[in-house]
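To start, the structure under review is shown below, and the notes come after it.
None of the figures in this text is laboratory data; all of them are computed from the coordinates on show. Keep in mind that what you see is a predicted model, and the values were worked out from it rather than measured. No Cβ is skipped: glycine too gets one built from the backbone with ideal geometry, and neighbour counts run over all protein chains shown.
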Amino acid sequence: MYLTWTYCGRRVLAYLACRVRMVRVMCSGMVHPNLVIEALTKGADGVLMCGCHPGDCHYQDGNLKAEKRADALRLMLADFGLEEERFRLEWVSAAEGPRFAEVVSSFTEQVQQLGPSPYKS
Ligand code: FES
């Protein structure tokens, strides 16, 4: 994912940098649902989690674990009074810079349409 960010281009980078806060992890399977809920209840308008395509995880099955956690997360969001669309899981390889930029842009637009997080004070 590090390379993806590098290859998405300076223009796109500049556009995204003012709207997105990147949190890099070694594998999408390392993102515990509590971290996503914490971000969303502490003011993030949305959380986009990107991982390697199924079968390409460097830790073998981290992305499959992430997918199961994402399913659980979607169920939890309603309990927290949050729209399901404030969270998204996408598979983007390190070689897919333009796709990464497209996914991030699409998600930020979706979240903007929802408006600010109800947890924002
Ligand atoms: S290393 Fe990319 S999803 Fe596991």
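Go ahead and estimate [θ] at 222 nm for the chain from helices alone: -39,500 (n - 2.57) per DSSP H run with n ≥ 4, summed, over the residue count, rounded to 500.
Working: 5 runs with 59 residues, N = 121.
Calculated at 222 nm, the ellipticity per residue is -15000 deg cm²/dmol.
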### Task
Would you compute the Debye intensity of the stretch 73-121 from its alpha-carbon atoms alone, equal scatterers and no solvent, and pass along log10 I(q)/I(0) at q = 0.15, 0.23 Å⁻¹ to two decimals?
-0.49, -0.88
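How large is the charge dipole for the stretch 2-114, taken about the Cα centre, if only the Cβ atoms of Lys, Arg (+1) and Asp, Glu (-1) carry charge, to the nearest 20 debye? Before the final figure, lay out the partial values.
Numbers: 13 positive and 14 negative charges, 87 e Å.
Dipole about the Cα centre, nearest 20: 420 debye.
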### Summary
Given 4 °C, 1.567 mPa s and a Kirkwood radius over Cα pairs, the Stokes-Einstein diffusion coefficient of the chain in µm²/s is 88 µm²/s
### Query
For the chain, what is the relative contact order in percent, using Cα pairs closer than 8 Å and at least 6 residues apart in sequence?
40 percent
### Message
Placing +1 on the Cβ of each Lys and Arg and -1 on the Cβ of each Asp and Glu in the chain, which of 70, 22, 82 has its Cα farthest towards the positive end of the resulting dipole?
### Response
22
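Given charges of +1 on the Cβ of Lys and Arg and -1 on the Cβ of Asp and Glu, with all other atoms neutral, how large is the dipole of the stretch 67-113 about its Cα centre, in debye to the nearest 20? Could you put the intermediate results ahead of the total?
Working: 6 positive and 10 negative charges, 30 e Å.
In debye, rounded to 20, the stretch 67-113 gives about 140.
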